[in-house]
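Presented below is the structure to which this report refers.
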Protein chains: 2
Amino acid sequence: MDAYLAVVAKREVREYLDRPVPEDVLTKILQAGRATGSAKNSQPWRFIVLVDREHRHDLARAMMAPRNLDRCAVAIAVVLLNERLRFDAGRVAQDMMVAAWALGVGSCPNSVRPDEHDRMRQDLGVPPEAAVATIITLGYPAPGQPRPRPTADPEKIVAKLNRLPLEELVHREHFSG
Amino acid sequence: MDAYLAVVAKREVREYLDRPVPEDVLTKILQAGRATGSAKNSQPWRFIVLVDREHRHDLARAMMAPRNLDRCAVAIAVVLLNERLRFDAGRVAQDMMVAAWALGVGSCPNSVRPDEHDRMRQDLGVPPEAAVATIITLGYPAPGQPRPRPTADPEKIVAKLNRLPLEELVHREHFSG
C-alpha cells in the first residue's frame, strides 16, 4: 500500500474478525516498532505480545475500553522503560499501527485505567520505574468497521476526513498568525 | 512509496539542502498530521509552520539542537493544547514524518530546552495551558544524510537496523516471558 495513503486512511478499528493475525504479519508489525526513531536512539520501549485469550480477558478489566482487548486477535502492550517519554511511545505505536494498516490489519491504541495501572504492571511483570503506555489491539476488521483499501485515492480520503479543517489547525509563524 | 518500506526506512535527517519544500508537499505533510487519530478524536494539536529564516534563527536558541531549526528548509511546531497528551503528539509527529519521507523529504523531531520553553511559548503566542511538544524540522537531505529510496527492499533495511534485536525487545504474555 502507498505510504501516504496508509497514513491518511488509517482509522481506529475496534471490532475484529475471529481470525488470527499470522505470525509473519505480526513480526512485520513488531519490526516497524523496532525501526522507529527515539531520542538518542534510546529505544525506551519493550513490546509484550498478548495472544492468549484468557490472559487478555483477565487484563481487559484494567482497560478504559475492556472490550477491545477482550475481543481482538492479538495485542501489543507498549512498555515504556522511562515513563516520561510518552512522545516516543506515541511514535512507536503509530508506526506499528500504520504498518498494520498497510498489511490489512486494523488496530486501536488503548489506555490502561490510571487506577488499575499498578495492577496491570504487576500482572505483566513490568518494573516499577516503567509504564504500560498503551496496549495496541489488532485484528482483521469486522464488517462495518473501517478497513484498509489499497486502491483508494488519498485525496478523496483527505477531503472527507472527520477532522477540523486545515485552516483551523495550521498557523503561520505565530499561533494566532 | 510502499508504506511498510517508509515506516521501517524512515531515519532522522539533520542536515538539509538549501532547497525549499514546495507548498503542495508541505500541505500533504500537514494533511497527514490532520488525519491522525487521537483520544476521542480530540485533535489536541495545532501546527505552526515556520518558514521565515530569521524567525527560525531566533527560535533556534531555545532548542536542544539549534542547528537543525536554523538550517532546515521549513519546520512545523506541534502545539499540544493539553500538554499531558504527549502520546498523541508522538502519533501526529510520526505520521507527518513518515508522510514526508514517502514524499522525499527528510525530517527530525526536536525538543525545546525545558528552561527555554516558556520563552518559546511566548515567542510563538502559544497559550499558557498548551505546550510546544516538538518542532519537526524538514528539508531535502544533504549529501551524506539518510535519504528515501522508493525501490529499497524493506527486509534488507530491517536486517541492518541499528536497533536492539527483536528477541530483546519482544516478550510474550509477560515482561520476562
Output yes when any residue across the stretch A:70-78 is among the aliphatic types (A, V, I, L, M) and free of Cβ contacts under 8 Å to residues at least 12 places away in the same chain, and no when none is. no
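Tell me yes or no: at least one residue of the stretch A:142-163 is within 8 Å of chain B (Cβ to nearest Cβ), farther than 28 Å from B:Tyr4 by Cα, over 19 Å from the mean Cα position of the chain (by Cα) and not in a strand (DSSP E or B). I'd like the intermediate steps shown before the answer.
The initial filter retains those residues of the stretch A:142-163 that are within 8 Å of chain B (Cβ to nearest Cβ), namely A:157-158, A:161-163.
Among the residues that remain, those that are also farther than 28 Å from B:Tyr4 by Cα are: none.
No: zero hits.
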So how many residues does the stretch B:164-177 have that are loosely packed, with under 14 Cβ neighbours inside 10 Å and either more than 7 Å from chain A (Cβ to nearest Cβ) or of a type in the set (Asp, Glu) (or both)? 4
Just the residues that are facing another protein chain (nearest Cβ under 7 Å), touching a strand residue (DSSP E or B) at 6+ places or on another chain (Cβ under 7 Å) and of a type in the set (A, V, I, L, M), please, taken from the stretch B:2-34. B:Ala3, B:Leu30
So, in the stretch A:15-30, exactly how many residues are surrounded by fewer than 16 Cβ atoms within 10 Å (Cβ to Cβ) and touching a Leu at 6+ places or on another chain (Cβ under 6 Å)? 0
Filtering strands (runs of 3 or more DSSP E) wholly in the stretch A:43-132 for at least 1 residues that are closer than 22 Å to B:Asn162 by Cα and not polar (S, T, N, Q) gives A:45-50, A:74-80
Looking at (1) touching a residue at least 24 places away in the same chain (Cβ under 8 Å); (2) within 20 Å of A:Met96 (Cα to Cα), which is the one condition that is false for A:Asp58? (2)
Quick check: is even one residue across the stretch A:134-142 in contact with a helix residue (DSSP H, G or I) (Cβ under 6 Å, 6 or more places away or on another chain), in contact (Cβ under 8 Å) with a residue 24 or more places away in the chain and aromatic (Phe, Trp, Tyr)? no
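Assess whether B:Ala159 counts as being touching a helix residue (DSSP H, G or I) at 6+ places or on another chain (Cβ under 7 Å) and hydrophobic (A, V, I, L, M, F, W, C).
The answer is no for B:Ala159.
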Filter the stretch B:35-56 for residues that are within 7 Å of chain A (Cβ to nearest Cβ) and in contact with a Cys (Cβ under 9 Å, 6 or more places away or on another chain) and give the result. B:Gly37, B:Leu50
Can you find, within the stretch A:41-85, the residue that is surrounded by the most Cβ atoms within 10 Å (Cβ to Cβ) among those that are basic (Lys, Arg) and touching a strand residue (DSSP E or B) at 6+ places or on another chain (Cβ under 8 Å)? A:Arg56
I'm checking my understanding of the structure. Among residues of the stretch A:90-109 that are of a type in the set (A, V, I, L, M) and under 13 Å from A:Ile136 (Cα atoms), which one is farthest from the other protein chains (Cβ to nearest Cβ)? A:Val105
For residues that are crowded, with 20+ Cβ neighbours inside 10 Å and either at the interface with another protein chain (Cβ under 8 Å from one of its Cβ atoms) or over 26 Å from A:Lys10 (Cβ atoms) (or both), tally how many sit in the stretch B:122-136. 4
Which one of these is more than 15 Å from B:Val7 (Cβ to Cβ) and small (Gly, Ala, Ser): A:Ala65, A:Ala35? A:Ala65
So B:Asp88 clears everything in (1) acidic (Asp, Glu); (2) within 18 Å of B:Pro44 (Cβ to Cβ); (3) surrounded by fewer than 22 Cβ atoms within 10 Å (Cβ to Cβ) except one condition, right? Which one? (3)
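Laboratory data are not the source of any read-out in this text; all were calculated from the coordinates shown. These figures come from a predicted structure and were not determined experimentally. Please note: Cβ atoms are built from the backbone with ideal geometry, for glycine as well, and neighbour counts cover all protein chains shown.
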